[in-house]
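In what follows, a structure is listed as structure tokens, so that the remarks can point back to it.
The values are calculated or read from the model by the stated rules, or taken from the named source; none is laboratory data. Note that the structure is a prediction, hence the values are computed from the model and not measured. Because the Cβ atoms are built from the backbone with ideal geometry, glycine has one as well, and the counts that use them run over all protein chains shown.
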Amino acid sequence: MNRQTVGEIAAEQPASVRVFEKYKIDYCCGGNRPLEEVCRERGLSPEAVLAEVQAAAARAPEKDWTKAALCELTDHIVSTHHEYLKAELPALDARLARVIEAHSAAHGEMLKRLQEVFEGLQNELLTHLRKEEFILFPAIESAERARQEGRPPEPMPFGHIENPIRMMIHEHDSAGEALAQMRKITSDYTLPPDACATFRALYTGLQELEADLHQHIHLENNVLFPRALREL
């Protein structure tokens, strides 16, 4: 078997992420590890997982972001993933507050720990989005336009583009750790017997947030950032 990393496979075959999520294989923050190595650790057959990936790709061809213009990819990330976070994070925050108010007697300690991690994640993400939208993405788009027009790029205020990219990857790692902590605190989002509809909606929303962030971070770590470093 080849030594392709999970992130490389996810970048080349976007449909593979559903397979990786099924087997809880980290394709975003931890996507720099070979698939074979990850599968062996988890007791999975790498051949079987790769065959499933190839079948998924054949069934559901998706846009190949490794070949699209970088500005098209940054627009997609902002309109799809950034806008999702801006709408969903405050909604989840409010939902979590209501669950704490209703269930603090029985589950207060767990919910308070969940709130602490979630609020840290929310604050970090909203700052992260602003850095990307007002600093990094405009710099990538400007450099790409200059390359297309055959002229030298404008000087960047932060030096080489590698500097903000390195910071964004570090913040992605921090977000990944927060997602893992929330899963641990909630025992993989296992609902207690007395969970109300809002409690259920909270856990569903947090799992959807996790799935969207995995896609978001994957597109940046495994596609946008490597291409920007290579092409600009």
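Table: residues versus (1) of a type in the set (Asp, Glu); (2) part of a helix (DSSP H, G or I); (3) more than 13 Å from ILE217 (Cα to Cα); (4) touching a helix residue (DSSP H, G or I) at 6+ places or on another chain (Cβ under 9 Å).
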site: PRO164; (1), (2), (3), (4): no, yes, yes, yes
site: MET168; (1), (2), (3), (4): no, yes, no, yes
site: HIS172; (1), (2), (3), (4): no, yes, no, yes
site: ALA178; (1), (2), (3), (4): no, yes, yes, yes
site: GLN181; (1), (2), (3), (4): no, yes, yes, yes
site: LYS184; (1), (2), (3), (4): no, yes, yes, no
site: ASP188; (1), (2), (3), (4): yes, no, yes, no
site: PHE199; (1), (2), (3), (4): no, yes, yes, yes
site: LEU202; (1), (2), (3), (4): no, yes, yes, yes
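Would you tally the residues in segment 143-187 being surrounded by 15 or more Cβ atoms within 10 Å (Cβ to Cβ), free of Cβ contacts under 8 Å to residues at least 40 places away in the same chain and hydroxyl-bearing (Ser, Thr, Tyr)? Selection size over segment 143-187: 0.
Of all residues in segment 28-44, none that is over 18 Å from HIS214 (Cβ atoms) and in the same structural domain as ASP173 (by TED's automatic domain parsing) has its Cβ atom under 7 Å from the Cβ atom of a residue that is outside any strand (DSSP E or B) and of a type outside the set (Lys, Arg), 6 or more apart or on another chain. In segment 193-217, what residues are charged (D, E, K, R) and surrounded by fewer than 16 Cβ atoms within 10 Å (Cβ to Cβ)? Answer for segment 193-217, where residues must be charged (D, E, K, R) and surrounded by fewer than 16 Cβ atoms within 10 Å (Cβ to Cβ): ASP194, ARG200, GLU208, ASP212. Residue by residue through segment 47-60, note down the ones that are touching a residue at least 24 places away in the same chain (Cβ under 8 Å) and surrounded by fewer than 16 Cβ atoms within 10 Å (Cβ to Cβ). Listed by number, the residues that qualify are GLU47, GLN54, ARG59, ALA60. When GLU220 is tested against the conditions (1) crowded, with 19+ Cβ neighbours inside 10 Å; (2) touching a Phe, Trp or Tyr at 6+ places or on another chain (Cβ under 7 Å); (3) closer than 28 Å to LYS24 by Cβ, the lone failure is (2).
Every listed requirement among (1) modelled with pLDDT of 95 or more; (2) in a loop (DSSP other than H, G, I, E, B); (3) among the aliphatic types (A, V, I, L, M) is met by MET1 save one, (1). Put simply, of THR74, THR5 the only residue that is buried (at least 16 other Cβ atoms within 10 Å of the Cβ), within 16 Å of the chain's Cα centre (by Cα) and among the hydroxyl-bearing types (Ser, Thr, Tyr) is THR74.
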